[in-house]
Every structure is written in C-alpha cells, then in structure tokens.
Amino acid sequence: MRLAFRSLIVLAACLFSLPVFAATPAPLPVPVPPMSPIGAKSYVLMDYRTGQILAEKDPDERRAPASTTKLMTAYVVFQDLKAGRIKLDTKFHVSDKAWRQGGSRMFLNPGSSVTVNDLLQGLLIPSGNDAAVALAQGVAGTTGAFVSLMNAYAKQLGLTDTHYSDVNGLPKPDLYTSAMDLAKLSRAIIAQFPEYYHYFAEKSFTWNNIKQYNYNKLLWRDPSVDGLKTGYTSEAGYILASSAERNGTRLIAVVMGVNLPKASSEQNYINLARVSEALLNYGFRFFATHKLYSAGQALNTVRVWGGAHEHVKLGLAQDLYVTVPSGQYHNLKAVMSLDPSLQAPVAQGQTVGDVKVTLAGKTVTQVPLVALEADPRGNLWQRVRDVVLKWFAHK
C-alpha cells in the first residue's frame with residue numbers, strides 16, 4: 001500500500017496506517033513466561049538493534065566490574081585506532097609497571113616493544129592486566145590519564161552507574177559499573193567498531209610460547225556467540241557480558257555476581273557460561289527482531305504549501321527495527337502522523353511528523369518522520385496560488 005495526498009486542498013487527514021508485513025497467515029502467538037531465576041545478583045538481556053530490554057534484575061545496581069573493565073579499556077584503544085592516532089602495527093613499550101601487574105597476564109617481557117594488535121589479543125583473550133597497562137601507557141602516557149579517558153567516554157555513552165579508577169579491574173575504591181551499563185557499552189562496541197569486534201571471538205592466544213584460552217566458555221558451547229568478556233574477583237564474583245546472533249536477531253546478555261558452587265576455576269567459568277546461555281536462550285526463544293522500514297524508503301508524500309514542488313517524499317533517517325514476542329509480528333500496527341499545513345521551505349532531513357508502532361495498543365517505538373528531499377520556497381505565483389487554495393481548504 002502506498003499512501004499519498006491526492007488533493008491540493010485536503011488538509012484534515014494527518015494520520016495514516018502503514019503496512020508492516022506481508023499478508024500471510026499469522027501463527028499463534030507464543031506466551032512469554034517470566035525469566036526463571038538464574039543465580040545472578042543482577043542481569044540484563046538487551047536486543048542489540050533496538051536496545052529494548054527483554055529481561056532484567058536489578059539492572060542499575062552498582063557492582064565491582066572486575067575484568068569487564070577491559071571492555072572500556074578496549075573501547076578507548078578502538079577510538080584511537082579509528083581516529084588514526086595509532087595503528088594495529090604501532091608498537092608500545094612495556095614498562096616495569098606493566099610487567100609487575102598481578103592476576104591474569106599476557107606474560108609480557110619488561111623493556112620489550114609489542115604491537116597494538118598483540119596487546120589487544122593479550123587484553124581480551126587471556127585478560128592480561130599487563131597488556132591493559134601497556135596499552136594505557138602507550139595511548140595516554142600514564143594510566144591515570146587513560147582512566148580519565150575511560151570516564152569521559154563512559155559519560156558520553158550515558159553510563160550513569162559506572163566509574164573507573166584503573167584500567168584492568170583489579171579491586172580499587174570508586175570502581176563500579178552496572179549490568180545495564182555493561183550492556184550499553186557492549187552494544188556501543190559492536191555498533192561502532194565492527195572491524196575490531198573479532199578479537200572478542202578468538203578462543204586462544206599464544207605469547208612467549210605460552211598458549212592461553214579465552215575465559216568465555218560460551219565460545220565453545222554455542223557457535224552463535226561471538227563475544228564479549230568475563231570478569232572475576234572475590235569482591236565482584238563471576239561476571240560475563242556476552243553476545244550472540246541467530247536468524248538475524250542479536251542479543252546482549254550481562255550477568256553479574258553469579259553464585260557458583262565451589263569448583264575449579266575452569267569449571268566455574270563453564271558454569272558461568274551456562275548461566276549466560278540460559279538468559280540468551282530465553283531471549284531467542286520468546287522474542288524476535290524485525291526490520292519494518294529501510295532508511296530513505298519513501299513511506300508517503302506530503303503537500304508543501306508555498307513550495308517550488310507541491311509534494312515531498314517522506315521516510316526515515318535510519319532503518320527501523322522492532323523487537324516483539326515471537327508470533328506477534330503480524331499484530332504490529334504502524335501509524336504515521338504529520339503536519340498537513342507544512343510550509344516551505346523544507347530542508348532535506350527535516351522532521352515533519354513521526355511514525356508510531358504499536359502492539360496490542362501499547363507503543364513499541366516512535367521515531368521521527370523526515371523529508372527525504374528539499375523543497376525551497378516557490379515563485380510569487382506559486383506562493384499566491386497556495387495562499388488562496390489553503391484559505392479555501394480552511395473554509
């Protein structure tokens with residue numbers, strides 16, 4: 001269906017229904033049960049494309065982030081790579097401070113020079129605290145300056161329950177984040193740096209003849225999983241920010257403070273993977289993401305009064321996706337509202353209304369409707385003619 005104004009003087013209509021799916025028989029909707037307890041003190045399940053939260057428990061509770069801190073460490077490095085300030089083959093010096101880091105390590109040699117590419121692998125696969133310090137010093141000169149960058153980017157991303165005081169997640173005062181903020185950060189990494197996202201899916205890394213394996217055991221359990229990062233300290237407990245894509249739907253799951261029985265470190269990370277897997281499976285079973293309209297797709301036209309062109313095409317500035325319970329796609333309704341008295345000049349990209357998508361009477365999303373083309377002011381004859389036509393239309 002393609003809807004358009006066909007009269008120059010009809011002004012009353014300003015709401016239009018839009019088609020959102022093909023006319024095929026609708027399957028029965030799948031009831032969505034609540035998420036079963038999974039033994040995490042807080043968690044978030046987010047749809048990547050829409051940012052919609054599908055399940056949550058204490059999502060804004062501030063907790064120690066442990067090595068998920070390195071997600072932001074990587075984010076800062078990715079920003080410098082994308083800006084061209086450094087390259088993957090840029091070499092950073094390994095200081096004594098980096099070499100002396102405790103906990104998980106890449107096993108760097110003091111005084112050596114190591115490429116950014118190798119340091120990123122050492123940061124994200126074996127979760128090297130020494131790699132985190134080497135990267136921070138190489139990018140910002142000091143770890144303190146790098147931490148300032150981390151907090152600045154956290155503010156830009158709207159991570160209101162996050163503050164960093166080191167680059168690797170070792171326990172320190174005033175170091176905290178939340179499940180919601182970790183989900184937002186994970187989403188930003190996937191969206192902004194697809195060219196570097198592959199680091200999170202790598203299962204092993206060898207340095208100094210020492211082969212180490214990724215702590216994210218979901219990479220072995222589920223082929224749809226391709227990231228992101230684990231964390232553990234006695235204060236924080238076990239944490240995993242993970243992401244998976246199945247049938248065009250990508251989900252992000254964050255579990256924090258996971259309660260695990262006493263077992264070996266390897267077994268605990270396997271158990272952590274199972275907890276996160278349960279959350280992901282719930283999301284993929286009961287929800288699906290659908291693309292309704294493409295950016296730049298002409299959805300309608302609108303009469304422009306006093307313009308050089310009588311009509312302009314309308315559409316969206318970005319692709320429109322929605323996440324809904326499985327089987328409910330055919331029950332979506334989309335309504336476009338716009339100003340029937342739109343006056344020239346109209347700029348390309350100017351907001352002229354909105355598109356609201358609802359399901360069972362509840363708003364799923366509402367996005368701006370924009371002009372896909374410009375319409376400058378018309379000549380004197382066009383403007384005078386439209387004044388007369390508009391006057392009769394209001395009679």
Pop out the Kirkwood hydrodynamic radius of the chain from its pairwise C-alpha distances, inverse of mean 1/r, in Å to one decimal. 23.7 Å
For A317 and V335 in one chain, what is 0.36 nm times their gap in residues minus the Cα-Cα distance, to one decimal in nm? 4.8 nm
With a 10 Å cut-off between alpha carbons and a GNM built on the chain, which of L372, L240, L219 moves the most? L372
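Readers should treat all values here as calculations from the given coordinates under stated rules, not as data from a laboratory. If you're wondering where the values come from, they're calculated on a predicted model, not measured in any experiment.
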